Amino acid sequence: MAKERSERGGDRRDNREERDSEFLDKLVHINRVAKVVKGGKRFGFAALVVVGDQKGRVGFGHGKAREVPEAVRKATEGAKRTLIRVPLREGRTLHHDIDGRWGAGKVTLRAAPPGTGIIAGGPMRAVFESVGVADVVAKSKGSSNPYNMVRATFDALKKQTSPRSVAARRGKKVSDVLRRRDPDAAVE
């Protein structure tokens, strides 16, 4: 009986590891802080991690601990708890241009044609690689603090909508939402 239980427990752990392995995690920033005590300095570490499945799901987390690996582990667990889904056009870029803001951090994200690549600075690049965006142009204005940049990027990605969701909200067909205006049509 004990052997069967251990086998079942092993299966459960293997399934969890498979599920966790589908995520790509990127360490964005580590901050070392020192507390001066009687015997010298006591160091602590704060880690900022972004995780994603490269298919439109992404999350970020922040963890603090006395050791770097423990801080990274806590941040990764936090990131997996806060995953959001981002609609992607053709699985490679954004549907529309969008601005995001968090504190003094401001970002502008623009959809790009195939072959452009990820044109973005450090923390934003990690978010785009994790979410699975292959072509995007991004600009960060204001704060260059990695925490604010990541949160501003997430603010923008949360505002991203797909034509399908817009059509459902308006009660129309997707083709009606995507229809281009005829430039030769007379304005009435």
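Some values worked out for this structure:
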| read-out | value |
| --- | --- |
| Some residue of the stretch 159-174 being closer than 30 Å to Asn31 by Cα, of a type outside the set (S, T, N, Q) and in contact with an Asp or Glu (Cβ under 9 Å, 6 or more places away or on another chain) | yes |
| Check on Leu109, within 12 Å of Leu157 (Cβ to Cβ) and buried (at least 18 other Cβ atoms within 10 Å of the Cβ) | yes |
| Where Thr93 falls short, out of the listed (1) buried (at least 19 other Cβ atoms within 10 Å of the Cβ); (2) more than 13 Å from the chain's Cα centre (by Cα); (3) under 24 Å from Ile30 (Cβ atoms) | (3) |
| Residue in the stretch 133-140 that is out of contact with any Lys or Arg (no Cβ under 8 Å at 6 or more places or on another chain) and of a type in the set (A, V, I, L, M) present | no |
| Residue ranges of strands (runs of 3 or more DSSP E) in the stretch 45-138 with at least 3 members at negative phi and assigned by TED's automatic domain parsing to the domain that holds Pro163 | 98-102, 105-111 |
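The values are calculated or read from the model by the stated rules, or taken from the named source; none is laboratory data. Just so we're clear, the structure is a prediction, and the values are computed from it rather than from any experiment. So basically every Cβ, Gly included, is an ideal-geometry build from the backbone, and we count neighbours across all protein chains shown.
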